[in-house]
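What follows draws every value from the coordinates through simple rules; no lab data is involved. The structure presented is a predicted model; accordingly, all values stated were derived computationally and were not measured. Note that we place each Cβ from the backbone using ideal geometry, even for glycine, and neighbour counts take in every protein chain shown.
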Amino acid sequence: MTNFMTANAINRLEYLCDTIPSLLAEIDETAFSTRPAPDKWSRKEIIGHLIDSAANNHQRFVRGQFENVPKIVYDQDKWNEYSFHQKMDSHQLIAFWTIYNKQLAALLRHIPNKNWKRECETNEGNKYTLEFLCMDYIEHLEHHLRQIVTY
C-alpha cells in the first residue's frame, strides 16, 4: 500500500515502461551508439546507466525494508564501463531496461506503508527514506530519458 505521492511516482514508472521502449527502438543504431564527446555517454550507455541505477535501487528498495540503514553505493562510471553496455545489443538493453523497471514498479506497489520511512545510506554517507529514493529514482530516470527521446 502506497501513499498518494509514491503511487503517482509508480504510475509514472509504469507509463515510462509502456511508452519509452518503442521510442528507443526507433533510434538508428549508429545514433544510439555514438558518443557526443569522448567523455560523454552514448544513448546506449545512458540506457545502460539506467539499468545499473535500477540494479542498485532494487537493492535499496528490498534491503532497506529489513536491514538497519544499509549502505548501498556505486560508482556509476565504473559500473557503465565494466558492464560493457556500449558493446551490448541495443534491443537487448532496451528489453532489459523495460522488464527490470516493470519488476521494480510491481515491487514498489507492494511495499507496506510502514516501510516507506525506513532509510538507506547512499554515496557521501547521506541517508534517505525509501519514499524519497523511489521518487528520486523515477525523477533521475526521466532526466536521462529526456536526453534520449521526446515523450
inquiry  = Could you compute the net charge surrounding Glu119? Neighbours are other residues with a C-beta less than 12 Å from the C-beta of Glu119; K and R count +1, D and E count -1.
reply    = +3
key: In region 57-151, trypsin sites (Lys or Arg not before Pro) in a DSSP loop with at most 11 other beta-carbon atoms within 10 Å   = Lys117
note = Karplus-derived 3J(HN,Hα) from phi for region 69-76 (6.51 cos²θ - 1.76 cosθ + 1.60, θ = phi - 60°), whole Hz, x at Gly and Pro, runs 6, x, 9, 10, 10, 7, 9, 4
remark   = With +1 at each Lys and Arg Cβ and -1 at each Asp and Glu Cβ, the charge dipole magnitude of region 4-148 around its Cα centre, to the nearest 20 debye, comes out at 440 debye
query = What angle do you read, to the nearest 10 degrees and between 0 and 90, between the alpha-carbon axis of helix 43-66 and the longest principal axis of the chain?
reply = 10 degrees
query = Once you list every other residue whose beta carbon is under 11 Å from the beta carbon of Gly48, what net charge do they have if Lys and Arg are +1 and Asp and Glu are -1?
reply = 0
task = Tell me what the chain gives for mean residue ellipticity at 222 nm when only DSSP H runs of n ≥ 4 count, each as -39,500 (n - 2.57), the sum divided by the residue total, rounded to 500 deg cm²/dmol.
result = -22000 deg cm²/dmol
message = Using each residue's phi in region 86-96, evaluate 6.51 cos²θ - 1.76 cosθ + 1.60 at θ = phi - 60° and report the 3J(HN,Hα) Karplus result to the nearest Hz, with x for Gly and Pro.
response = 4, 8, 7, 5, 4, 5, 5, 4, 5, 5, 5
query = Rounded, prolate or oblate: which fits region 78-130, taking a ≥ b ≥ c as square roots of the Cα gyration tensor eigenvalues, rounded meaning a/c under 1.5, else prolate when a/b beats b/c?
reply = oblate
task = Count neighbours as other Cβ atoms within 10 Å of each site's Cβ, and list the chymotrypsin sites (Phe, Trp or Tyr not before Pro) in region 40-135 that are DSSP loop with at most 10 such neighbours.
result = Phe84
request  = Give the distance, in whole Å, between the Cα centre of region 65-116 and the Cα centre of region 1-54.
outcome  = 12 Å
query = Quick one: net charge of Met88's neighbours, Cβ under 14 Å, K/R +1, D/E -1?
reply = -2
